[in-house]
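The values are calculated or read from the model by the stated rules, or taken from the named source; none is laboratory data. Worth saying up front: this structure is predicted, and the values here are computed from it rather than measured. Ideal geometry is used to build each Cβ from the backbone, glycine not excepted, and the neighbour counts take in all protein chains shown. Remember, those area values only see protein heavy atoms, side chains included, never the ligands or the DNA or RNA. Shrake-Rupley method; radii C 1.70, N 1.55, O 1.52, S 1.80 Å.
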Amino acid sequence: MSLTYKKSGVDIYRSSQIIKNIQKNLKNMNIKCSELILGIGGFSALIKIPKNYQNPILVTSVDGVGSKLNLSIKYKLYQSIGIDLVAMVVNDIIVYGAKPWIFFDYYSANQLHIKISNTIMKSIIQGCKKSQCTLVGGETSEIPTASLKKTKNVHLAGFGIGLVEKKDIIDGSKIQIGDVLIGLKSSGIHSNGYTLIKKILDINLINIKSFQINNRLLKEYLFIPTKIYVKDVLFLVKKYHIHGIVHITGGGILKNIIRIVPKNGYKIIINTSSWEWPFLFKWIQKQGKITTQEMYNVFNCGIGMIIIVPKYESNSILKELNILGQKAWEIGNVIHNSFNQSKVVLY
């Protein structure tokens, strides 16, 4: 018998078809970067640096969607996972005041399925459109594994590059005593804590496609796409004095805030009664018998992004966010810490 690549487990035709579908979807959604010289189809992407920057700094980010992807594969729910992927990357980029510019992905499977691939890639393109950046390329590969032949195993990673003027970088260095924290509402769980959620589902033998809470199927709650904050945050950055921005991802509220606060002499006080947890987080806590401290260590608990601003601008920013349709609350403030190490305190 004469061997071929296809007989050994890799179908080049499927990969080529997926790339053609991506190009078609990009064209249909009219997403193109004016600086793009060569995009999908070449060995690499070629892009010019925009001319309207005096001293451009590139901001890079890479991320995935963690165990949410495992749940997506198990229940064959792929419609929004690409939005999650883009959101995790671009939300990390905007914390520096940078505009997401280009995005590229890594997508592999033990066996490529055109329908699944097309659904995921359409979702990625939707995420790029929401975040005002361009998908310029990526990698699509088929990696057959004998033990996984009967499963649709998928791996996803996203890579993004943003641009910011050097003088406009927001890195937390301007945070000062008296500043306040404004919390922007999350759309749901986003893409963190799903390993814990999966454990809860397994222990309680819950099928998310049939189990209901609040007259809605649980799958509808668990697969709400991650909120993309690009438009709202960049609007605020241009108009106000933003001292710090925090994307609430793995590690929850507690561990993410401290990442941008100057190391010495600050205490961040979070008033946990200033907003109400969405119902889903209360349900997760009850089902898993999880302590409140652990919930704040793992989940966003309803706050997906935090901006740290001067007190005198807080009310104006809250009004602007309300006009933009983004629910937000003043959730805390920055005070002096008599000890050397900065810390975050919940009360």
### Residues located in segment 228-264, provided they are open to solvent by 20 Å² or more (accessible area, probe 1.4 Å), assigned to a loop (DSSP other than H, G, I, E, B) and either in contact with a Leu (Cβ under 8 Å, 6 or more places away or on another chain) or modelled with pLDDT under 90 (or both)
GLY250, ILE258, ARG259, ILE260, PRO262, LYS263
### Message
Can you find, within segment 62-77, the residue that is nearest to TYR221 (Cα to Cα) among those that are assigned to a loop (DSSP other than H, G, I, E, B) and open to solvent by 10 Å² or more (accessible area, probe 1.4 Å)?
### Response
LEU77
### Summary
Per the list (1) open to solvent by 60 Å² or more (accessible area, probe 1.4 Å); (2) at pLDDT 95 or above; (3) not aliphatic (A, V, I, L, M), residue check on PHE281 breaks on (1)
### Message
Just the residues that are basic (Lys, Arg) and more than 16 Å from CYS301 (Cα to Cα), please, taken from segment 162-220.
### Response
LYS166, LYS167, LYS174, LYS198, LYS199, LYS209, ARG216, LYS219
### Summary
Residue hits (segment 170-196; in contact with a strand residue (DSSP E or B) (Cβ under 6 Å, 6 or more places away or on another chain) and open to solvent by 30 Å² or more (accessible area, probe 1.4 Å)) are ILE177
### Query
Among the candidates ILE213, ILE224, ILE206, ILE170, which residue alone is touching a helix residue (DSSP H, G or I) at 6+ places or on another chain (Cβ under 8 Å), at pLDDT 95 or above and at negative phi?
ILE170
### Summary
Note on segment 78-129: residues hydrophobic (A, V, I, L, M, F, W, C), in a strand (DSSP E or B) and open to solvent by less than 40 Å² (accessible area, probe 1.4 Å) are TRP101, ILE102, PHE103, ALA109
### Task
Using the structure shown, decide if SER274 is closer than 23 Å to ILE177 by Cα and part of a loop (DSSP other than H, G, I, E, B).
yes
### Query
Given the conditions (1) buried (at least 19 other Cβ atoms within 10 Å of the Cβ); (2) out of contact with any Gly (no Cβ under 8 Å at 6 or more places or on another chain), which single one is not true for ASP202?
(1)
### Query
Out of all the residues in segment 295-347, which are modelled with pLDDT of 95 or more and open to solvent by 70 Å² or more (accessible area, probe 1.4 Å)?
LYS311, TYR312, ASN315, LYS319, LYS327
## Note on the structure
Checked against (1) touching a strand residue (DSSP E or B) at 6+ places or on another chain (Cβ under 8 Å); (2) at pLDDT 95 or above; (3) open to solvent by 30 Å² or more (accessible area, probe 1.4 Å), LYS267 satisfies every condition except (2)
### Message
On the basis of being aliphatic (A, V, I, L, M), assigned to a helix (DSSP H, G or I) and more than 23 Å from SER273 (Cα to Cα), does ILE170 make the cut?
### Response
no
### Residue under evaluation GLY188, criteria (1) within 24 Å of GLU294 (Cα to Cα); (2) touching a residue at least 12 places away in the same chain (Cβ under 8 Å); (3) not in a loop (DSSP other than H, G, I, E, B), criterion not met
(3)
